[in-house]
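To keep things clear, I will list the structure first and then write my remarks on it.
Here, each number is a calculation from the coordinates, and none is a lab measurement. These figures come from a predicted structure and were not determined experimentally. So basically every Cβ, Gly included, is an ideal-geometry build from the backbone, and we count neighbours across all protein chains shown.
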Amino acid sequence: MTDAQETAAASSLRTTGGAPPEDDGPTAAGAPTPLLEPREGIPPVIADDAALAEMIAAFAAGSGPVAVDAERASGYRYGQRAYLVQLRREGAGTALIDPVACPDLSALGEALSSVEWVLHAATQDLPCLREIGMVPTRLFDTELAGRLAGFPRVGLGAMVEGVLGFVLEKGHSAVDWSTRPLPEPWLRYAALDVELLVDLRDALEKDLDRQGKLEWARQEFDAIASAPPPEPRKDPWRRTSGMHKVRRRRQLGVVRELWETRDRIAQRRDVSPGKVLSDAAIVEAALALPVNAHALAALNGFGNRMSRRQLEQWQAAVDRARAMSESQLPQPGQSVVGPPPPRAWADKDPEAAARLSAARSAVSAVAEEVNMPQENLIAPDTVRRVCWEPPQPVDTASITSALTALGARPWQVEQVTPALVAALSAKAAGTTGATGTQPAETAGTPQTAGTPEAGTPGVGAQETGVRQPGA
């Protein structure tokens, strides 16, 4: 039994409106209890200003953290806007808000500005909440807390079941939340998603505290809450699935033209771009370079029920790419700021590849020692950048400065710096004493980020200088 499970078992759940369904909680035999209905029933959906004002007053007068969740219509609508917002707070109960009918929730955000928000996988919901005026100043992310605490499965259902002993029904997670009116089973599911979120937060907080990781978690949560909105992606068309098959610049031009045409149509119709034209069809047309609509119609993804007018609009995009001069065509690769892809390191700089291999093994040892995924211990990109151009000389001060400049939190710097100093110093010494190129097994192509390389000598906890939580 984990610390969080012991905490949940030893104390009554802090829930609004009394005990959870089935007052005895999880059964004596340890079998999880299905959570079938919200304690106060399904609240009416708030869809007008008067009801919203009443709800804001109730939540402002509540106490403790507020559980927040949002439902989107990914795969159905264009963009990632929220189509339902769920909240729960002690003293206020549960609220379901229709952000289509009430698109400005800034007054709610202001009323809860000094309150800790509890979200699960906060970075997924914060962008759509920001669009409607809801921006937290403090938060607790139960998904991230589970990762830091070492839970192997951190989905909301798995966490609620494993820690609190209740089973959430997840059958409606991928439905079209833009549907109006929303069916009652969907509303029940949405209300239950925030039913036990604060209880889960409380149990995880105690677990993190017992492991000496609570301050680490607070630093991570503060970083999420204070992070600016992400910059728009440059050349988003390059993320088309199957792009690895497209080699020639003319073909890349076709992908770009078709992608941008599809995006304009999807935005105008407010539908998911994949419902307008699939990525596979875009790549198929780019590889084939059809000369007319008849040839285009013979390709996968363009035949069947596609009208003549639709075929002509897609063929027009292909024709625009075919007519471009060489200077107008996109370059094969995106300009990269920072190190090249790790797979290219062995050819470009074998010594850097050896440094990265050693650093990954060292970070892996630390991650195992503190029982969390490597990518949560330190961002793989941060490790790559330090290894590609390590500071000189390699010592505690220089690595600390480099990690901090790259955005690592203080707890990450403290945990990782000794391991990186030892790994990079060892490689530097080996390079100085060696002649010629590094051996193939040392300079081989690194594996993907976050995965320790096979065949690389492991670095023990004492060698890496692992700092124990709470030490």
The extension gain from Arg305 to Glu368, computed as 0.36 nm times the residue separation minus the Cα-Cα distance, is 17.3 nm
The Rg/Rh figure for region 3-226, Cα atoms and Kirkwood Rh, to two decimals is 0.94
Taking a label point 7 Å from the Cα of Asp235 along Cα-to-Cβ, the residues of region 333-354 whose backbone nitrogen sits under 15 Å from it are 333-338, 340-341
Taking Glu312, Glu195, Glu231, Glu369 and counting other beta carbon atoms within 10 angstrom, the fewest-first order is Glu231, Glu312, Glu369, Glu195
Two pseudo-spin positions, 7 Å from Cα along C-beta at Arg264 and at Ser74, lie apart in nanometres by 2.8 nm
At the level of C-alpha centres, the distance separating region 147-180 and region 196-220, in angstrom, is 18 Å
For 319-331, 292-304, 102-114, ranked highest to lowest by mean beta-carbon neighbours within 10 Å, the order is 102-114, 292-304, 319-331
Looking only at lysines whose Cα falls under 19 Å of Lys427's and that sit 8 or more positions away or on another chain, we get Lys348
Treating only Lys and Arg (+1) and Asp and Glu (-1) as charged, each at its beta carbon, one finds that region 3-226 has a dipole about its Cα centre, in Debye to the nearest 20, of 460 debye
Taking the alpha-carbon centre of each part, the distance from region 229-256 to region 361-396 in Å is 30 Å
Here the Cα Rg-to-2.2 N^0.38 Å ratio for region 69-186 is 1.09
Full extension between Ala101 and Thr179 adds, at 0.36 nm per residue less the Cα distance, a length in nm of 26.8 nm
Between His294 and Glu389, Cβ-based FRET efficiency (R0 45 Å, step 0.05) works out to 0.25
Computed from every Cα-Cα pair in region 236-348, P(r) in 10 Å bins starting at 0 and rounded to whole percents is 14, 44, 28, 10, 4, 0
Arg249 and Ser327 label points (each 7 Å along its Cα→Cβ direction) are spaced in nm at 1.1 nm
